[in-house]
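Notes follow once the structure below has been shown.
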Amino acid sequence: MPMPARRLRAYAACATALLGLAAAPAATAEDIDLFTGLQSNAGARPNVLLILDNASAWNANALVECETPGVVAPNNANSNVGAEQCALYKAVSDLISDPNTTGKINLGVMMFGSSNNTGAQFRFPSVTPPTAPSGLVLLDQAGGEQMLAFIKSIDRSKDSSNNSQVGGAMQEAWAFFSGKTGLSGTTYKSPISNPCQKNFIIYIANALNNGKPQDTGQDAYNKLREAGASAAQLTPIPLSRGNNIDNWGDEWARFLNGIDLNAANNAGSATATRQNIITYTIGVTDGSKQSLDYLEFVNSMATKGGGGNFTVRAGDDDALAKALKDIFNEMQAVNNVFASVSLPVSVNGQGSYLNQVYIGMFRPDGKARPRWVGNLKQYKLGYDTNGNLVLLDAGVPGGTEQTSKNAISNASTGFISPNARSYWTEDPPKQVGSSSIVTDWPADGFWKNASAQLRNAKDAPDGEVVEKGGAGEMLRADYLTSQSARRLLTCANAKCSKSTALTGFNTANKALTEGAGPSLLKSTAADVANMIEWVRGKDVFAALTGTDPKKEAEPGPGGNVTVRGSIHGDVLHSRPVVVDYGGSTGVVVFYGANDGVFHAVNGNRTGAISTSAGTVRAGGELWGFVAPEFYGKLARLYHNSPEVRLTGSPQDTAEVQFAPRDYFFDGTTTVYQNLSNPAAPEVTIYLTARRGGRLIYALDVSDPAQPKYLWSKTSADIPELGQTWSQPRVMRVRGYPRPVLIMGAGYDPDGEDSDPALGGNAGATNRQGRGVIVLDAASGDVVWAALASCAGIATGTCVTIDSRAIPSDVAVVDRNGDGYADKAYVGDVGGNLWRIDFGALATDVPSTWTVGKLAQLGGAVNTNDARKFLYPPDVVATGKYDAVMIASGDREKPLYSLSQTPGAAQNVRNRFFMVKDPNVDGRLPSTWTAVQAADLVDATSVAYRDTATASGFYLSLEFGEKAVNAPLTVAGYTYFGTNTPSKMLPGACYPDLGVARGYAVSFLTGLGMNNGPRYVTFDNGGLPPSPVFGMVSVTQTDGSTRLVPVLIGGGKAGGAGGDDKSSLGGQEVKPASAGKRKRTYWYTQSDKT
């Protein structure tokens, strides 16, 4: 019996330990357990079938000057076929000569058949009939030489076809991949040997003035129907130009993109990966009107086929070779990078966004070591050739906006295309304010000695490779040979004080190098200077290798270069926050990374920022901050040991020890801008740590180049404070004179990391995070709190509540739109939904604020109703009630388990809820009876119909499925993401990261968009970041700009492009009401004077 296969990498893999996962749940867990996986085997190499258009148009005249003599056959000289011949030779030669790509693809070639063949003919390899696996050739050195010889043998005098039918050729390709009989009469044996193999078609079409392939007769249609196409799949695809509507190639491409070649083995599994066939096209054009008609059809094939379309001029063999190489790059890419997305708010208009999309990235270490690489990269939104809003890259260095191309891959990775170049990225990089190359930058690339995983030595294009390009490259460029000028800051005397300026984190800081400093850093006095220099970015181990087996140098480029490639650590849970300062400063991005540093980066696309400390390039770091609470964690990063303990890690041995992963400022940052005095705006940022600790910091960044410490709070100040997962929300309330922060009191790892959770059981110790905290935004003092224990609260008002931990953000509501918060909603990890009332009058001081349980939607920890709310609700004010949308799921237990224990995360039936709160005027009554799950209508299968007595509805998620991000309601639909662990069945393929879905649910009925499917399945699984919505200034195809309602991360049901199935993809929200969405609560100081 064939065994199930998992795609991907070895992160922390001990195969025998992982097999034990199904038998027993882990004692404790966290979401990074998802990034364990088994290494993909060689049988998962993609299968690629190239269909060459050998109709009469390939005889068209073209000037060909091939670089390699003897490639173009004499009969092909000065013809379009000669140019294609030369381009194919270049692309294949590059593939097999590059050690990073040779042996990574199986390739075959088809051409249109003879006069009595309405399908196609297999031409390479020349096997009659083709048999698997020899039906395709592995493009290693030997196979590549065979392919090159075949390319040189192409001769238009013998290889031209007079019966070229595109739909028939696509049917032939389907027959080949599926092991069926083609229109040619050949019965094939499928080349697919692994359920995880991807399968691709590349159709090179000659879209010239005449001789374009056309479908005649009914063969292509009849065979499509016989293959099992549905009525919808048989419906002709409309084309605006209309001239190629009778061609069935795009309908076949649509069908192939939607099929499952492994359906027999995947049956019964909701999480197995569908094995389809993706179509790419390259249109070779002479620019004639007739060619434009055909290019529309060729583009339709790629769009409906799930791939990408490239257009090149006839005779341009270089452009054709590059298109082929770009396609091959996408096909080989594997997504082992993960990300979160942020949009900057424009300083010129409340609620509008600059078109600058920032993605924080990370990649887990392949050997389970604690040092993970990361980066911050920038992209933009724009329109593709089909008029769809997509994420775009920076285009050609120095080029116009028109050179930008789709940033997200069409090869089902769900991530950035290997061919995309993010903003800031260039190779070689220039000196700041100069056109001169950075001194000592390696001409052959920074990564020339790095692993093959990085594809090549150059930073550009950076594509999906996390280390390359972006802010990480700018750090390397700025501090290539010396890191002494890097502005890493910390607190004087290893303790922060508002009266003392921040000081340098460097070897001149005696508080670090002398006295208790080495002990705080968990270092020896002899090694502390090396450790500090390492944190600053120097590869000190290059000089120390051989003296200590733990001191392992990184594979740098050598020469005078001393910066380490891992200078930028992982941006794991932290979502970058963006401040547009306007003027000559522009945009600054603030975010934490698990390299120990909180970063401030010039977020402008191209403009430098001038500061008293010097000029900072676009993408360059203004400063970094290292908090004293994190000193003790830096040594582990420095030594890259001990390894990270994950679910399935082996037991410790004398040689190998494991420990939970360390984190730093890994939570999401909040920004507060006081714009009441435009001449001197105040900007404060609030830093949280998630699993990094029980603390919150406030920094004054009114001068973005000179941060000042304002205050910090830890569990020493607020004993109930848990790990600070909750993003603080800034708000104004009528009964308090200054802005305040509201946040959940935190996560309780001792009570919640076990599976099932201990919750309130006796086994849980060191309880924490149980409640909500409101702090003075300027001082950090407690203004009001509702906690399970008020012990140690020295200021403000504290009331006790019977709450479980609240790691979630808090949803703040200003129902009457006067700029002051009226109430707030939040869920806890016990499935309870709480409401907090602040009142609407100046006399409603904090001591009068109230809290009550609006709904009780979970159950005891030892039941399968033990639902957890880790993310905030979204609230929509309707005429008669507030609709409160919230979804449950324990993101921290991402792996599949066979455990039958009630309450284990795999067994809990999670749900999406819409709870009606009819108490729109005044407070939640003290007599209110909490809504129970049984009071809600089950709308999983039947649409919800609202009535005056109904309390709302719920949708049950599938077995094991968990909500893993924050819901967001736009134009009547609530968007949220889920993940379902893969349950492995024999012979099926499973995404290593589970199945990720993006839901779009009407909050009024529970139905999907336009009564269609409720969700789209995101490519390659994972934990999708929370969706983002805003009005974004987007450049149109005519060069003008307009504000566009943009949703990022929502997915698009029924779409076929890379953006539609990526959790990072963008889409334009079409309903007219989308641009008028009322914010539940928005506050900046400029709103009120």
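The values are calculated or read from the model by the stated rules, or taken from the named source; none is laboratory data. Computed from a prediction, not measured in an experiment: that's the story for all the values here. FYI the Cβ positions are ideal-geometry reconstructions off the backbone, even for glycines, and counts take in every protein chain you see.
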Item checked: Of the criteria (1) out of contact with any strand residue (DSSP E or B) (no Cβ under 8 Å at 6 or more places or on another chain); (2) free of Cβ contacts under 8 Å to residues at least 40 places away in the same chain, which one Leu634 fails -> (2)
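Looking at this structure, is Ala866 surrounded by 24 or more Cβ atoms within 10 Å (Cβ to Cβ), in contact with a strand residue (DSSP E or B) (Cβ under 6 Å, 6 or more places away or on another chain), of a type outside the set (D, E, K, R) and closer than 29 Å to Ser1026 by Cα?
Here the answer is no, as Ala866 does not meet what is asked.
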Notebook entry, point to check: Among Gln900, Gln906, which is the only one that is under 17 Å from Leu870 (Cβ atoms), of a type in the set (S, T, N, Q) and assigned to a loop (DSSP other than H, G, I, E, B)?
Noted result: Gln906
Next item on the list: Could you list, in sequence order, all residues of the range 795-814 that are in contact (Cβ under 8 Å) with a residue 40 or more places away in the chain, more than 35 Å from the chain's Cα centre (by Cα) and in a loop (DSSP other than H, G, I, E, B)?
Entry: Gly796, Ile801
Next item on the list: Filter the range 192-249 down to residues that are loosely packed, with under 13 Cβ neighbours inside 10 Å, of a type in the set (Gly, Ala, Ser), farther than 22 Å from Leu292 by Cβ and over 36 Å from the mean Cα position of the chain (by Cα), then give me how many there are.
Entry: 1
Notebook entry, point to check: Out of all the residues in the range 577-600, is one or more buried (at least 24 other Cβ atoms within 10 Å of the Cβ), over 16 Å from Pro707 (Cα atoms), in contact with a strand residue (DSSP E or B) (Cβ under 7 Å, 6 or more places away or on another chain) and modelled with pLDDT under 95?
Noted result: no
Notebook entry, point to check: Of these, Val1034, Val1028, Val1001, Val1046, which one is under 15 Å from Leu391 (Cβ atoms) and either more than 21 Å from the chain's Cα centre (by Cα) or surrounded by fewer than 20 Cβ atoms within 10 Å (Cβ to Cβ) (or both)?
Noted result: Val1034
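Within the bounds of the range 342-350, is there any residue that is of a type in the set (S, T, N, Q), crowded, with 19+ Cβ neighbours inside 10 Å and modelled with pLDDT of 90 or more?
No, the conditions are met nowhere in the range 342-350.
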Note to self: Any residue at all in the range 572-585 that's more than 22 Å from the chain's Cα centre (by Cα), closer than 29 Å to Ala698 by Cβ, assigned to a loop (DSSP other than H, G, I, E, B) and of a type in the set (Val, Ile, Thr)?
What the structure shows: yes
Item checked: Residue in the range 153-166 that is polar (S, T, N, Q), surrounded by 23 or more Cβ atoms within 10 Å (Cβ to Cβ) and assigned to a loop (DSSP other than H, G, I, E, B) present -> yes
Check: Do we have any residue at all in the range 266-278 that's under 28 Å from Tyr896 (Cβ atoms) and part of a helix (DSSP H, G or I)?
Finding: yes
Next item on the list: Test each condition in (1) closer than 19 Å to Leu475 by Cα; (2) in contact with a Ser or Thr (Cβ under 7 Å, 6 or more places away or on another chain) for Asp580 and report the one that comes out false.
Entry: (1)
Next item on the list: Tell me, yes or no, whether the range 705-716 has at least one residue that is buried (at least 23 other Cβ atoms within 10 Å of the Cβ) and among the hydrophobic types (A, V, I, L, M, F, W, C).
Entry: no
Next item on the list: Can you give me the number of residues within the range 412-450 that are closer than 17 Å to Val563 by Cβ, of a type in the set (S, T, N, Q) and within 30 Å of the chain's Cα centre (by Cα)?
Entry: 2
Next item on the list: Scan the range 138-186 for residues that are of a type in the set (Val, Ile, Thr) and at pLDDT 90 or above and jot them down.
Entry: Ile151, Ile154, Val166, Thr181
Note to self: Please determine whether any residue of the range 442-462 is free of Cβ contacts under 8 Å to residues at least 12 places away in the same chain, more than 30 Å from Pro46 (Cβ to Cβ) and not assigned by TED's automatic domain parsing to the domain that holds Thr1037.
What the structure shows: no
Checklist line | Test result for Gly817, in the same structural domain as Ile801 (by TED's automatic domain parsing), in contact with a helix residue (DSSP H, G or I) (Cβ under 8 Å, 6 or more places away or on another chain), within 22 Å of Tyr881 (Cβ to Cβ) and outside any strand (DSSP E or B) | finding: no
Next item on the list: Out of the residues in the range 255-282 that are buried (at least 24 other Cβ atoms within 10 Å of the Cβ) and at pLDDT 90 or above, state the one that is nearest to the chain's Cα centre (by Cα).
Entry: Ile278
Check: Out of all the residues in the range 928-935, is one or more surrounded by 18 or more Cβ atoms within 10 Å (Cβ to Cβ), under 31 Å from the mean Cα position of the chain (by Cα) and within 24 Å of Val829 (Cα to Cα)?
Finding: no
Notebook entry, point to check: Of (1) modelled with pLDDT under 95; (2) crowded, with 19+ Cβ neighbours inside 10 Å; (3) within 15 Å of Pro739 (Cα to Cα), Asp818 satisfies all except one. Which?
Noted result: (2)
Note to self: The conditions are (1) in a loop (DSSP other than H, G, I, E, B); (2) modelled with pLDDT under 90, and Ala443 fails exactly one of them. Which is it?
What the structure shows: (2)
Notebook entry, point to check: Looking at Thr273, Thr311, Thr303, Thr279, which one is within 22 Å of Ala996 (Cβ to Cβ) and in the same structural domain as Ala91 (by TED's automatic domain parsing)?
Noted result: Thr273
Checklist line | Residues of the range 283-310 satisfying the condition of being under 28 Å from the mean Cα position of the chain (by Cα) and of a type outside the set (D, E, K, R) | finding: Asn299, Ser300, Met301, Ala302, Thr303, Gly305, Gly306, Gly307, Gly308, Asn309, Phe310
Next item on the list: Select from the range 58-105 the residues that are under 16 Å from Lys325 (Cβ atoms), of a type outside the set (A, V, I, L, M, F, W, C) and assigned to a loop (DSSP other than H, G, I, E, B) and list them in ascending order.
Entry: Glu67, Thr68, Asp98, Pro99, Asn100, Thr101, Thr102, Lys104
Notebook entry, point to check: Given the residues Gly143, Gly135, which is the only one that is in contact with a Lys or Arg (Cβ under 8 Å, 6 or more places away or on another chain) and of a type outside the set (Lys, Arg)?
Noted result: Gly135
Notebook entry, point to check: Counting only residues that are modelled with pLDDT of 95 or more, surrounded by 24 or more Cβ atoms within 10 Å (Cβ to Cβ) and of a type in the set (Gly, Ala, Ser), which one in the range 448-498 is farthest from Ser417 (Cα to Cα)?
Noted result: Ala477
Check: Only one residue in Leu1023, Leu993, Leu957 is crowded, with 21+ Cβ neighbours inside 10 Å, modelled with pLDDT under 90, in contact with a Gly (Cβ under 8 Å, 6 or more places away or on another chain) and assigned by TED's automatic domain parsing to the domain that holds Ile886. Which one?
Finding: Leu993
Next item on the list: Enumerate the pairs (first residue in the range 290-315 and over 22 Å from Ala411 (Cβ atoms); second residue anywhere and among the acidic types (Asp, Glu) and surrounded by fewer than 22 Cβ atoms within 10 Å (Cβ to Cβ)) with beta-carbon separation below 6 Å, excluding pairs fewer than 6 apart on the same chain, so at least 6 apart or on different chains.
Entry: Ala314/Asp286
